[in-house]
């Protein structure tokens, strides 16, 4: 098969949570821009659907079933992708779960911690697994899909918010460590996209009890998807970052609403003023 031409021609991407939703959208967009794409998730059938769609469009794709919280699964996924498609040049940390929706004292401790396992341990393990090859080549890009929950102390969603905040700080630290090796890292808020992931609160009794206003917002999204974020906006942002056009923004927390091309032109000011990240504001600075 002749590789597709595009902004990502010659690149190899691994997208976690690539069987559905935003992960599938990113994988398909990368393939359309010429990248060979491996998708990783726990549900084989969904991965195979993503791969089939990419291949029908003329792209190259690989399904790798596995759990991002299991080190052996992650290392196997990276090895298999490298063997079948080539060295990974772009990692997209997208795998995620929701819940629990409850105050801290009422949340199930095991479910609360599982959210940290997926969003923090999973991102760490996947990033750690791709770094040796990227460092040896002197290039690579790592994109982590976070959430605006990282910015806000939302009652009754502590597990998710804390995990997403951790992803933002992880990315900033990662960028500082791997920048000298020619590797760039980004973390982003994808907006409110109409996906199966977004539907989850509708199926949970705890969400309906503790965050009814959010459940109502999800119901409105299902009735009128136009109020949400288009998938195309998320995929454009990820393609831009994967292409290298946003490298000057490495370490920064971006949102789907940002004009990232314009931000890249102001990268020096962003660094000098320490913008687009999470910081403590003291009284004298307020």
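The values are calculated or read from the model by the stated rules, or taken from the named source; none is laboratory data. These numbers were taken from a predicted model, which means no experiment stands behind them. Please note: Cβ atoms are built from the backbone with ideal geometry, for glycine as well, and neighbour counts cover all protein chains shown.
What to note about this one:
- Within the range 169-216, the set of residues being farther than 21 Å from residue 88 by Cβ and free of Cβ contacts under 8 Å to residues at least 12 places away in the same chain comprises 203, 205, 208, 212, 213, 216.
- Looking across the range 225-242, the residues that are outside any loop (DSSP other than H, G, I, E, B) and within 16 Å of the chain's Cα centre (by Cα) come down to 231, 232, 233, 234, 235, 236, 237, 238, 239, 240, 241, 242.
- Residue check, residue 34 touching a helix residue (DSSP H, G or I) at 6+ places or on another chain (Cβ under 7 Å), in a loop (DSSP other than H, G, I, E, B) and touching a residue at least 24 places away in the same chain (Cβ under 8 Å): no
- Criterion (under 27 Å from residue 246 (Cα atoms) and surrounded by fewer than 24 Cβ atoms within 10 Å (Cβ to Cβ)) met by exactly one of 5, 65, 79, 102: 5
- So residue 95, is it in contact with a helix residue (DSSP H, G or I) (Cβ under 7 Å, 6 or more places away or on another chain) and crowded, with 24+ Cβ neighbours inside 10 Å: yes
- Filter result for residue 221 (surrounded by 17 or more Cβ atoms within 10 Å (Cβ to Cβ), assigned to a helix (DSSP H, G or I) and within 16 Å of the chain's Cα centre (by Cα)): no
- Residue selection: residue 18 satisfies the criterion of being part of a loop (DSSP other than H, G, I, E, B) and within 27 Å of residue 198 (Cα to Cα).
- All helices (runs of 4 or more DSSP H) inside the range 67-169 with 2 or more residues being touching a strand residue (DSSP E or B) at 6+ places or on another chain (Cβ under 9 Å): 71-84, 122-137
- Pairs meeting the criteria (first residue in the range 269-286 and surrounded by 10 or more Cβ atoms within 10 Å (Cβ to Cβ), second residue assigned to a helix (DSSP H, G or I) and at pLDDT 95 or above, beta carbons under 6 Å, at least 6 apart or on different chains) are 276/270; 277/172; 278/168.
- When the range 229-246 is limited to residues that are within 11 Å of residue 264 (Cα to Cα) and out of contact with any helix residue (DSSP H, G or I) (no Cβ under 7 Å at 6 or more places or on another chain), the one that is surrounded by the fewest Cβ atoms within 10 Å (Cβ to Cβ) turns out to be 244.
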